[in-house]
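The values are calculated or read from the model by the stated rules, or taken from the named source; none is laboratory data. Because the structure is predicted, anything quoted here is derived from the model rather than measured. Backbone-built Cβ (ideal geometry, glycine too); neighbour counts: all protein chains shown.
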Amino acid sequence: MRLAMRVVVLCVCALSMMAAPIHAQEGAVVVPTGERQLFLDDYIVAEINNLTHAMHQPDKKGAVIRPDWSIMGERTKQLRSAPVWNSEREIFQMWDLYGNEPPSPYSDVSGYYESKDGLNWSKPIVGQIEFRGSTENNYVSVMIDGKRHGPGGWLVYDPTDPDPARRYKGLAKTSRGWQPFVFDGMTTGAALAVPPIPGSGDIHLSFDEREHLFIATPYIYAAPYGRSVGLSVSRDFEDWTAPELIFQADKLDQELGRENIKARLADSMLAQPVYNDPAEYIVNLYNMRIFRYEGLYIGLPSMMHWTGIVPTTGLATGFSLVQLACSRDLHNWTRLGDRQPFIAPSRLGSGAYDLTQIIPPGNPVVRGEELWFYYTGLKYRHIPNGADPDQAAICLAVLRRDGFISLDAGEEAGSIITKSLRIPEGAQRLFVNVDAPNGDLRAVILNTSGQPLEGFAIDKCVPVTGNQPHAEVTWEGNPDLSALAGQDIQLRFRLRNASFYSFWFE
């Protein structure tokens with residue numbers, strides 16, 4: 001069930017700025033046609049009255065790809081990259097982190113999957129790798145430095161590349177760092193003759209098509225809490241900036257982390273840490289997914305709550321909570337939802353995999369008025385004696401489109417006034433994403449002096465009611481906004497018993 005949480009927006013310190021902001025900062029905010037304006041960081045907002053922010057968790061749908069222990073000896077299915085929509089074939093494509101886990105060299109391959117609906121996934125026979133005397137399997141790999149690498153760990157799709165054999169781009173973990181490579185999606189790939197991105201452990205790769213920017217987030221170890229998130233970017237996938245620190249845990253994370261550990265230990269329906277030593281408690285970043293969504297970047301930091309040390313290995317163990325953050329420039333991050341979980345572990349007895357550790361999803365897949373997040377759920381961080389061999393799977397969670405943060409009003413109406421906006425040329429209509437089953441939303445268009453434009457007053461607005469993820473706002477006697485295109489205006493929305501997610505012009 002979707003959970004909404006009242007929130008206060010929290011910020012982490014600014015580190016450095018990118019060359020250019022996403023929106024013009026002088027005068028009116030330039031609002032591109034069709035770009036949805038969300039309320040995650042109040043960038044677009046001038047004034048809010050009697051409204052509260054609410055963060056919404058996606059609805060978990062369970063595992064969509066499970067390991068097959070009985071046939072292939074698999075224990076886990078893991079994912080780091082989001083599925084890709086192949087518009088020519090009209091299918092979704094997905095590559096897992098490891099195809100299977102028998103002895104080398106097969107542990108360094110990816111399993112390849114296809115789906116028409118994003119729910120039911122098949123294993124096409126690729127015929128690339130021989131396993132148990134047969135090539136009739138779905139395993140794929142890329143040879144780098146004479147060694148197999150599964151391409152599915154960190155992979156993005158670049159539809160702008162004119163060469164189909166180079167449209168799938170990825171990073172392979174090598175002894176020298178993260179090596180960029182290109183791939184045709186099925187059988188052929190090769191490392192680029194460029195230096196690797198420094199780093200080890202885990203990383204995330206995404207592609208901002210609008211800015212044609214490749215975004216990598218390798219580990220950086222930073223005082224005082226250790227594992228943190230770095231940033232390296234490239235315009236051409238060949239020349240990468242040196243990784244720099246952009247996101248790390250702070251003192252408040254440690255305070256909240258101890259409360260989270262205490263609450264977990266007191267809840268018998270949550271999987272308990274195998275080792276618990278308060279002297280070892282610390283919260284830092286396991287990894288962080290970053291993706292472009294509409295006019296901003298969204299981050300999903302996996303905050304690892306370390307609870308103890310495994311005596312036999314010396315490795316730390318604990319559990320993770322996936323949180324929510326946003327940025328306009330990839331360097332200055334706003335923590336959202338009072339740092340409460342955006343995706344939290346499931347409860348024991350639910351049949352779920354994500355009991356202890358959650359590897360956050362990459363960019364969501366837009367399906368109509370929904371966002372589909374594919375992520376990895378693990379039953380264990382440290383595998384205890386007698387553990388279930390069926391240990392990790394690729395899972396799905398679904399969120400309303402734009403549904404990260406809403407502005408909510410109760411029975412007493414509230415309002416929001418935007419900053420000065422420039423209505424884009426060619427725009428004719430205003431749309432909103434609102435859920436008002438027992439209330440309504442109305443809007444007024446103001447001039448730069450704050451006065452209602454003739455014909456666009458609040459009493460002329462036709463109320464928007466019900467659950468409306470894509471509703472046009474109209475005014476009596478005004479067929480469209482054509483005459484206002486290119487003008488600087490402000491919008492004032494008034495809502496009652498409603499959750500307001502976004503607005504945009506078309």
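What tally of residues in region 139-182 results from selecting those that are in contact with a helix residue (DSSP H, G or I) (Cβ under 8 Å, 6 or more places away or on another chain) and among the hydrophobic types (A, V, I, L, M, F, W, C)?
Let us first name the residues in region 139-182 that are in contact with a helix residue (DSSP H, G or I) (Cβ under 8 Å, 6 or more places away or on another chain), namely 139, 141, 147-150, 158, 182.
Now narrow it down to the ones that are among the hydrophobic types (A, V, I, L, M, F, W, C): 182.
Number satisfying all stated conditions: 1.
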If we ask which residues in region 232-267 are under 22 Å from ILE358 (Cβ atoms) and either surrounded by 13 or more Cβ atoms within 10 Å (Cβ to Cβ) or in contact (Cβ under 8 Å) with a residue 60 or more places away in the chain (or both), their number turns out to be 15
Which one of these is more than 17 Å from the chain's Cα centre (by Cα), in a loop (DSSP other than H, G, I, E, B) and closer than 30 Å to PRO437 by Cβ: ALA387, ALA352?
-> ALA352
Consider only pairs whose beta carbons are under 8 Å apart and that are at least six residues apart or on different chains; among these, list those whose first residue lies in region 393-410 and is outside any strand (DSSP E or B) and whose second residue is acidic (Asp, Glu).
-> ARG401/GLU369; ARG401/GLU370; ASP402/GLU294
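For (1) of a type in the set (A, V, I, L, M); (2) surrounded by 16 or more Cβ atoms within 10 Å (Cβ to Cβ); (3) more than 21 Å from ASN49 (Cα to Cα); (4) in contact with a strand residue (DSSP E or B) (Cβ under 8 Å, 6 or more places away or on another chain), each residue gets a yes or a no:
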site: THR418; (1), (2), (3), (4): no, yes, no, yes
site: ARG422; (1), (2), (3), (4): no, yes, yes, yes
site: LEU430; (1), (2), (3), (4): yes, yes, yes, yes
site: ARG442; (1), (2), (3), (4): no, yes, no, yes
site: ILE458; (1), (2), (3), (4): yes, no, no, yes
site: ILE489; (1), (2), (3), (4): yes, yes, no, yes
Are there any pairs with C-beta distances below 8 angstrom linking a residue in region 486-506 that is more than 13 Å from LEU430 (Cβ to Cβ) to a residue that is acidic (Asp, Glu) and part of a loop (DSSP other than H, G, I, E, B), with the two at least 6 apart or on different chains, and if so which?
-> GLY486/GLU425; ARG496/GLU411; ARG496/GLU412; ASN497/GLU411; TYR501/ASP402
Restrict the check to region 178-188 and report whether at least one residue is assigned to a strand (DSSP E or B), closer than 16 Å to SER302 by Cα and not hydrophobic (A, V, I, L, M, F, W, C).
-> no
Which residues, counting only those in region 56-75, are of a type in the set (A, V, I, L, M, F, W, C) and out of contact with any Leu (no Cβ under 6 Å at 6 or more places or on another chain)?
-> ALA63, ILE65, TRP69, ILE71, MET72
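Considering every residue within region 116-139, establish whether at least one is closer than 14 Å to ILE394 by Cα, at pLDDT 85 or above and touching an Asp or Glu at 6+ places or on another chain (Cβ under 9 Å). Please lay out each step first, then the result.
Our first condition is that a residue be closer than 14 Å to ILE394 by Cα; within region 116-139, this holds for 118-122.
Retained after the next criterion (residues that are at pLDDT 85 or above): 118-122.
Retained after the next criterion (residues that are touching an Asp or Glu at 6+ places or on another chain (Cβ under 9 Å)): 121-122.
Within region 116-139 (the criterion being closer than 14 Å to ILE394 by Cα, at pLDDT 85 or above and touching an Asp or Glu at 6+ places or on another chain (Cβ under 9 Å)), the answer is yes, since at least one residue qualifies.
In region 113-142, how many residues are within 21 Å of TRP372 (Cα to Cα) and either part of a loop (DSSP other than H, G, I, E, B) or under 22 Å from the mean Cα position of the chain (by Cα) (or both)?
From region 113-142, those within 21 Å of TRP372 (Cα to Cα) are 113-123; that's our starting set.
Imposing the further condition that a residue be either part of a loop (DSSP other than H, G, I, E, B) or under 22 Å from the mean Cα position of the chain (by Cα) (or both) reduces the set to 113-121, 123.
Adding up the residues that qualify gives 10.
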Answer with yes or no whether SER206 is in a strand (DSSP E or B) and either farther than 29 Å from MET304 by Cα or in contact with a strand residue (DSSP E or B) (Cβ under 8 Å, 6 or more places away or on another chain) (or both).
-> yes
Looking at (1) closer than 13 Å to ILE298 by Cα; (2) under 12 Å from the mean Cα position of the chain (by Cα), which is the one condition that is false for ARG335?
-> (2)
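Residues being of a type outside the set (A, V, I, L, M, F, W, C) and under 17 Å from GLN272 (Cβ atoms): count how many of those fall in region 348-376. So that I can check it myself, show each step before the final result.
Residues of region 348-376 of a type outside the set (A, V, I, L, M, F, W, C): 349-351, 353-354, 356-357, 360-364, 367-370, 374-376.
Applying the additional criterion that residues be under 17 Å from GLN272 (Cβ atoms) yields 349-350, 353-354, 356-357.
Count: 6.
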